[in-house]
Amino acid sequence: MPLTPLFPGRERPLLFAHRGLSSEAPENTMAAFRLARDYGVPGIELDIHLTKDGKIVVIHDGSAARTSPGSALAVEAAAYGELAALDFGSWKDPRYAGERIPLLSEVLEEFAPATYFDIEIKAPTTADIGLEAALAKLLAAMRLGAESVAVSSFNPVAAHRFKALAPGVPVGVIYCVDDELPWYLRRGQGRWIAGADFLKPKHVLVGGLGMGLKRAIGGRPVLPWTIDDPAEAARVRALGCVGVISNKPQLVR
């Protein structure tokens, strides 16, 4: 099956603000996304979970504890109204007090299609809780496809599940060498399960030999994470990576 193109027509190299401009504003908030736009960053990477009442929210962790100190709400066990009442900004800086957890629909309505998005599905198990179906339904309703959206996950089963529902949206597998990831997925092997259209390795895994082989056989585009050093960004670009994801995209541009 041919690969679904990754952001066709968008200027290369691709550049994503990791969880928004998270080096300066609280991650995965509207403040961080707006700041990225103010800096002229063309892409945003963000993370999604599904609440107990079926809302897609933008948050990295499965719990609110780290980014809303004082709360221990588990995202998937909480209703959206419970999460929306929390402060997700003060932990970063008092001037962001009152920042709330965004709905993915709110983010896309404000920023797409001018901004392009890498949406990471957070799925710690292979269980189907309905997140992939809800995401596919939302993107279809908003008529957002490969020009504006890509979807990725460490979990190749979740990526495969989404791909089956939205074949027109490119899907990527994320990987790194880490004890939290099963050994058999640490070098991107999940690409075969997911039917991946692109690869998202941790930047230290990007090497000349592998990239040369990918170019020789017409392999998948490579989008490494997370790079804040301009020299490292230049290195992976020289090897043929399609772009970079950064906490400091204004510096690696």
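The values are calculated or read from the model by the stated rules, or taken from the named source; none is laboratory data. If you're wondering where the values come from, they're calculated on a predicted model, not measured in any experiment. Note that we place each Cβ from the backbone using ideal geometry, even for glycine, and neighbour counts take in every protein chain shown. Heavy atoms of the whole protein, side chains included, go into the accessibility calculation; ligands, DNA and RNA do not. Shrake-Rupley method; radii C 1.70, N 1.55, O 1.52, S 1.80 Å.
Which ones in the range 10-63 are basic (Lys, Arg) and surrounded by fewer than 24 Cβ atoms within 10 Å (Cβ to Cβ)?
Scanning the range 10-63 gives Arg10, Arg12, Arg34, Arg37, Lys52, Lys55.
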Quick check on my filter: what residues within the range 231-253 are surrounded by fewer than 17 Cβ atoms within 10 Å (Cβ to Cβ) and either among the hydrophobic types (A, V, I, L, M, F, W, C) or under 15 Å from the mean Cα position of the chain (by Cα) (or both)? Ala231, Ala234, Ala238, Leu251
If Leu103 passes every condition in (1) in contact with a strand residue (DSSP E or B) (Cβ under 7 Å, 6 or more places away or on another chain); (2) open to solvent by less than 10 Å² (accessible area, probe 1.4 Å) but one, which one does it miss? (2)
Step by step: first the residues of the range 108-149, then only those that are under 25 Å from Glu27 (Cβ atoms), β-branched (Val, Ile, Thr) and not in a strand (DSSP E or B), then the one that is modelled with the lowest pLDDT. Which residue is that? Thr125
Would you point out which residue out of Gly168, Gly212, Gly218 is modelled with pLDDT under 95, open to solvent by 40 Å² or more (accessible area, probe 1.4 Å) and either assigned to a loop (DSSP other than H, G, I, E, B) or not charged (D, E, K, R) (or both)? Gly218
Could we say that Val157 is surrounded by 23 or more Cβ atoms within 10 Å (Cβ to Cβ) and assigned to a helix (DSSP H, G or I) here? no
